[in-house]
1. Against the definition (surrounded by 16 or more Cβ atoms within 10 Å (Cβ to Cβ), not assigned by TED's automatic domain parsing to the domain that holds Ala280 and not in a loop (DSSP other than H, G, I, E, B)), how does Ile98 come out, yes or no?
2. Scan segment 314-334 residue by residue and report those that are of a type in the set (A, V, I, L, M, F, W, C), in contact with a strand residue (DSSP E or B) (Cβ under 6 Å, 6 or more places away or on another chain) and either within 14 Å of ligand 1 (Cβ to nearest atom) or at pLDDT below 95 (or both).
3. Give all pairs with beta carbons closer than 7 Å in which a residue from segment 142-157 that is within 21 Å of Leu171 (Cα to Cα) meets a residue that is hydroxyl-bearing (Ser, Thr, Tyr) and more than 15 Å from ligand 1 (Cβ to nearest atom); count only pairs at least 6 apart in sequence or on separate chains.
4. Have a look at Phe256, Phe252, Phe188 and point out the one that is of a type in the set (Phe, Trp, Tyr), in contact with a Lys or Arg (Cβ under 6 Å, 6 or more places away or on another chain) and within 16 Å of ligand 1 (Cβ to nearest atom).
5. Taking the stated definitions as given, is Glu142 touching a strand residue (DSSP E or B) at 6+ places or on another chain (Cβ under 9 Å), more than 15 Å from ligand 2 (Cβ to nearest atom) and in the same structural domain as Ile321 (by TED's automatic domain parsing)?
6. How many of the residues in segment 73-86 are within 16 Å of the chain's Cα centre (by Cα) and assigned to a loop (DSSP other than H, G, I, E, B)?
7. (1) touching a residue at least 24 places away in the same chain (Cβ under 8 Å); (2) assigned by TED's automatic domain parsing to the domain that holds Arg331: which one isn't true of Ala77, the others all being true?
Amino acid sequence: MKAHINLEEIPMKEKDEDETMVEEFDDEQFQLEKEEINTSAVKKKGKEITINDLPGIGPATAEKLIAVGFGTVMAIAVATPGEIVEACGISEAGARKIINAARDNLEMGFESGDQILKKRERVIKLSTGHKGFDAMMGGGFETGAITEIYAEFGGGKTQIGHILAVNALALESEKNPVVVYVDTENTFRPERIKQIADGKGMDVDAVLKSIKVGRAYNSDHQMLLVDKIEEMITEQHLNVKLIVIDSLTAHFRAEFVGRGTLADRQQKLNKHMHALLRLADTHNVCVYVTNQVMAKPDQFFGDPTQAIGGHIVGHASTFRIYLRKGKKGSRVAKLVDSPSLPEAEVAFYLTEKGLQDI
Ligand code: GTP
Ligand code: MG
């Protein structure tokens, strides 16, 4: 079973390298190159522009940008200057220029409603295998969005991740779909995938081969693995349709303990969520992230639990689902946040066969 991303190929980022390899910007040269690019962009109309075509990006900078997931003009166009500065150690002014050039080339700006409607047409909905659950989600878990599920231990977050993975690979509309599974708690089980795929009469070997599992050992590694996904899509041309991050917050929660660390944790989580959102949006991928809950001792009414990561995770997620244990071992999933669907609940049993009606 060789579904693992070779971790040796994904070294941890060395900070010193970033700091020593600062590239300075030559403004005059930049202007010149920018004009050249603008005219060549017209000539190139219809052709894809790569980041190497952007002014101010030399081979060293390009390499660094690609290494951290800014491998496409679109990724740069939607980045913040801070992200670019951090990625390749150039000045903030330089970063702004690169971003602006990327934006110029992409004709970014306003889109009309009909264009957005057209974009919405490419949205694919991944099934949970449960009619009621899918209906609550407006047909399934959407591509182009992040769906966050939060629950206490044993709630079923990982099980749902496995079910979605198999169902993403069963998509008939897609040619060779691929699932990327970032496993932070060592709970990915190929045996379980096999069982679910078998139950659907799928080619089990092909299914396992199409799931790329990255075991994340800490939060930095987790973020680095997500950066690598961009490369898998743009360079290896893998048709990634689902990214599972299980768990999104466990490492962050374990590493940032004690007073004064919360702001750092939230800032890092924010960056992580935005990297995921960018992948979801630019490549039409469904991103499924799992999250834990913590007790809220001062809550007297309603459910005394809340999701880790607070507003940062909540706001960046397009859909939020709260999963809790119900009566007689059942589970209740509640859609607590969505751009267009009403708040609703659905109950089911978690069984070997998947999600089953009560
Ligand atoms: P944490 O990661 O610990 O926070 O929990 P989780 O929310 O990821 O829960 P998980 O998805 O691991 O749910 C496990 C539960 O699924 C078990 O307690 C079982 O009740 C139920 N389950 C039902 N059928 C199966 C099965 O075939 N395999 C497994 N592993 N679990 C099953
Ligand atoms: Mg789990």
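The values are calculated or read from the model by the stated rules, or taken from the named source; none is laboratory data. The structure presented is a predicted model; accordingly, all values stated were derived computationally and were not measured. Here the Cβ is made from the backbone with ideal geometry for all residues, glycine too, and neighbour counts use every protein chain on show.
1. For Ile98, the condition - surrounded by 16 or more Cβ atoms within 10 Å (Cβ to Cβ), not assigned by TED's automatic domain parsing to the domain that holds Ala280 and not in a loop (DSSP other than H, G, I, E, B) - is met.
2. Ile321, Leu323, Val332, Ala333
3. Once the first residue is within 21 Å of Leu171 (Cα to Cα) and sits in segment 142-157, its partners that are hydroxyl-bearing (Ser, Thr, Tyr) and more than 15 Å from ligand 1 (Cβ to nearest atom) give Ala145/Thr318; Ile146/Ser317; Ile146/Thr318; Thr147/Ser317; Thr147/Thr318.
4. Answer to the selection: Phe252.
5. Yes; evaluated as a whole, the condition is true for this residue.
6. 2
7. The one condition Ala77 does not meet is (2).
Residues are listed down the side, and each one gets a yes or a no for (1) more than 13 Å from the chain's Cα centre (by Cα); (2) of a type in the set (Gly, Ala, Ser); (3) not assigned by TED's automatic domain parsing to the domain that holds Val179:
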residue: Glu235; (1), (2), (3): yes, no, no
residue: Arg259; (1), (2), (3): yes, no, no
residue: Leu262; (1), (2), (3): yes, no, no
residue: His272; (1), (2), (3): no, no, no
residue: His283; (1), (2), (3): no, no, no
residue: Met294; (1), (2), (3): yes, no, no
residue: Gly310; (1), (2), (3): yes, yes, no
